[in-house]
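The values are calculated or read from the model by the stated rules, or taken from the named source; none is laboratory data. Computed from a predicted model, the values in this text were never measured in an experiment. As a convention, Cβ positions derive from the backbone with ideal geometry for all residues, glycine included, and neighbour counts pool all protein chains shown.
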Amino acid sequence: MALPQDLVREFDELVKNYPEKRAALILALHRCQETMGGWISPDIMEDLAAYFALEPVEVYGVASFYPMFRLRPVGKHVVSICHNISCDLRGAQDVIAQVCKLTGAPLHGTSQDGKWTVATVECAGACANAPMFDLDGVYHEDLDAEKIAKILGAVK
């Protein structure tokens, strides 16, 4: 099993809070993604399947259904740009172009230096403050070229 023992111990405590062990799968996927490289590898899914007494395809079904889980390696920093209708009408395409230009990452790809991954997401629920992106789990709203340059320029 590739899961670190400290993570397994954490899961052992976590599952005590649920009537069925499998109910903790989404939280376990989050923890694996946070602590094991920023994405959910096939090996991690197999280990989680074994831990939760599920078939690997069941874990894959959950991980692939939710957009917050990444099934491919990502850069050190992930920019998720909302491109749903509110953001699109308020300049999401310009945000996408500038983020790709400033990071050197292609849309839905990772920069050659491995620092940035740029992706689009459907709706981030920040329509009143469109356009927006999520950078490493932090929302940035009401974006314009100056704000984008400042936000991305501050990242180490």
Residue within segment 85-100 that is within 14 Å of the chain's Cα centre (by Cα) and either among the small types (Gly, Ala, Ser) or under 27 Å from Asp142 (Cβ atoms) (or both) present: no
Every pair of residues 6+ apart whose Cβ atoms lie under 7 Å, when the first sits in segment 98-116 and is at positive phi while the second is surrounded by 13 or more Cβ atoms within 10 Å (Cβ to Cβ): Gly104/Ser111; Gly104/Trp116; His108/Ala119; Gly114/Gly75; Gly114/Lys76
Those residues of segment 27-63 which are within 18 Å of Ala119 (Cα to Cα) and either crowded, with 16+ Cβ neighbours inside 10 Å or outside the structural domain of Val15 (by TED's automatic domain parsing) (or both), in sequence order: Gln33, Gly38, Trp39, Ile40, Ala63
Near pairs, Cβ below 8 angstrom, 6+ apart or cross-chain, from segment 41-52 (farther than 15 Å from Arg31 by Cβ) to any residue that is at pLDDT 95 or above and crowded, with 21+ Cβ neighbours inside 10 Å: Glu46/Val59; Ala49/Val59
Enumeration of residues in segment 102-156 that are of a type in the set (D, E, K, R), under 19 Å from Tyr66 (Cβ atoms) and surrounded by fewer than 17 Cβ atoms within 10 Å (Cβ to Cβ): Glu122, Asp136
